[in-house]
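Visitor: Below are the structure tokens for one structure; questions will follow.
Read the figures in this text as sums done on the coordinates, not as results from a lab. Quick caveat, the model's predicted, so the values are computed rather than measured. A quick note on method: Cβ atoms are made from the backbone with ideal geometry, for glycine too, and the neighbour counts reach across all protein chains shown.
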Amino acid sequence: MPKINVLIAGSTGYIGIQLIKLLLKHKKVNIKYLCGNNSIGKNISTFDDKLKKKKLPKIIKFKKELLKEVDIIFTALPNGEAQIISKYLLKKNKLIDLAADFRLKNSKEYFKWYKQKHKAPKNIKKSIYALPELTGDKIKKFQIIGCPGCYPTSLLLPLLPLIKKNLIKKDNIIIDSKSGYSGAGRGVHKKYKNRNLYESLSAYGVSSHRHNSEIEQVIREYTKDNFRFTFTPHLSPMFRGILSTIYVDLKKGKNISDLYNELVKFYKAKKFVKIANMNSLLSTNDVINTNNCKISVCKSKYRNKVIILSSIDNLIKGGAGQAVQNMNILNNFSISEGLI
């Protein structure tokens, strides 16, 4: 079977570089084009020395004519730019967006949270919010794949099975998430130039982080009940990784074992979700440089409360790895091709 040709737009960012590294391991993919706006003519190894000995195309400017020669377009661009590219898609093309352009189903909600008008609102109907373990083969019906954000990935994976089975109360879910600074992109160094980024822990986006929108949208699909959650992200003095701590109240008559058993059952056949033994302590080191999400269900000092820990690599499971997972599903490849 011939390899599929892919184009990566936004290839020089942290996520773009990680995506290239994964696709280089993929036996059924040919990286046809690398595109960027500010690095035209440069070698991608300029941005990562580990790519020096790899045979990769030089960075060029995106133009719609390139779409005739590729099957998959990956976009890891600033918000709004994948929407423009989506207007030029041919029937043979599939677009996998790693940014937020097709995460929300309502263009008004997109404007509310991202402060810009959606440039391709008609294409929202052609898109799906694709968390692979939950959407699976459904994505084959859509031309545009919107990959979830890194924070939502870390917390929706443990929460949704429990919400679906009505095991936890939905009126007071508290989420505390800490991420490596790579999650903010290369611009993080300029944005936080007056702070000691490498030795401090910072809360940000309190009550207003954009990922609130997709968390709420997805939970609403899984329950008709009213629900409330509080999500607070933190920037940690580490390059990569996310650790989310989720505080939930048990439904009457339920116990910690019910939660643990449901997660084990739900993810039994899912290669990249690992359920640790009850009361296991997790670290980002458990998942760094993997496409895994590791989850632990822990008791609290109160009988009716449970603490759930969830850890991912934000650049892989929360970004490039998830995109490759979705590509594998679209093309009937092995789910782990390029990811192990």
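Visitor: Averaging sequence separations of C-alpha pairs under 8 Å and six or more residues apart, then dividing by the length of the stretch 151-313, give the relative contact order as a whole percent. Each step should come with its number before you reach the end.
Guide: On the way: 314 pairs, mean separation 48.1, N = 163.
This gives 30 percent for the stretch 151-313.
Visitor: If Lys and Arg each add +1 and Asp and Glu each add -1, what is the summed charge of the other residues whose beta carbon sits under 9 Å from the beta carbon of LYS27? Mind dumping the intermediate values first?
Guide: On the way: positive: LYS3, LYS25, LYS28; negative: GLU337.
Once all neighbours under 9 Å are counted, the net charge is +2.
Visitor: For ILE60, enumerate residues with amide H under 5 Å from its amide H, sequence gap 5+ or separate chain, H modeled in the peptide plane.
Guide: The list, which skips near neighbours in sequence, is LEU34, CYS35, GLY36, GLY41.
Visitor: For each of TYR302, TYR181, count neighbouring Cβ atoms within 10 Å of the residue's Cβ, then give the residues from fewest to most. Can you show the working numbers first?
Guide: Working: TYR302 9, TYR181 21.
Placing the least packed residue first, the sequence is TYR302, TYR181.
Visitor: For helix 14-24, what angle does its Cα long axis make with the longest principal axis of the chain, in degrees from 0 to 90 and rounded to 10?
Guide: For helix 14-24, the angle is close to 70 degrees.
Visitor: Let me ask another. Can you work out the Karplus-derived ³J(HN,Hα) for every residue in the stretch 173-180? Use 6.51 cos²θ - 1.76 cosθ + 1.60 with θ = phi - 60°, whole Hz, and x for glycine or proline.
Guide: Computed from phi, the couplings for the stretch 173-180 are 7, 10, 10, 10, 10, 10, 10, x Hz.
Visitor: Relative contact order of the stretch 108-223: what whole-number percent is it, with Cα pairs under 8 angstrom and at least 6 residues apart? Can you show the working numbers first?
Guide: Details: 58 pairs, mean separation 31.2, N = 116.
Once normalised by length, the contact order is 27 percent.
Visitor: As a test of understanding, state the convex hull volume per residue of the stretch 151-313 from its alpha carbons, in Å³.
Guide: On the way: hull volume 19.1 nm³, N = 163.
Taking the convex hull of the Cα positions in the stretch 151-313, it is 117 Å³ per residue.
Visitor: Okay, next question. What ranking of GLU199, GLU109, GLU81 emerges when the number of other C-beta atoms within 10 Å of each C-beta is taken as an exposure proxy, fewest first?
Guide: Values: GLU199 7, GLU109 16, GLU81 19.
Ascending Cβ contact count within 10 Å gives the list GLU199, GLU109, GLU81.
Visitor: Suppose every Lys and Arg Cβ carries +1 and every Asp and Glu Cβ carries -1, with no other charges. What dipole size does the stretch 151-313 come out with about its Cα centre, to the nearest 20 debye? Show your work: numbers first, answer last.
Guide: Values: 28 positive and 12 negative charges, 34 e Å.
With only Lys, Arg, Asp and Glu charged at Cβ, the dipole is about 160 debye.
Visitor: Would you mind computing, in nm to one decimal, how far apart the modelled labels at ASN37 and SER208 are, each placed 7 Å from Cα along Cα→Cβ?
Guide: It is 2.4 nm.
Visitor: Principal axis extents for the stretch 278-330, Cα atoms only, whole Å, descending order, please.
Guide: 43, 23, 14
Visitor: For the chain, with only Lys/Arg (+1) and Asp/Glu (-1) charged at the beta-carbon, what is the dipole magnitude about the Cα centre, in debye rounded to 20? Spell out each step's value before the answer.
Guide: Numbers: 63 positive and 24 negative charges, 147 e Å.
It works out to roughly 700 debye.
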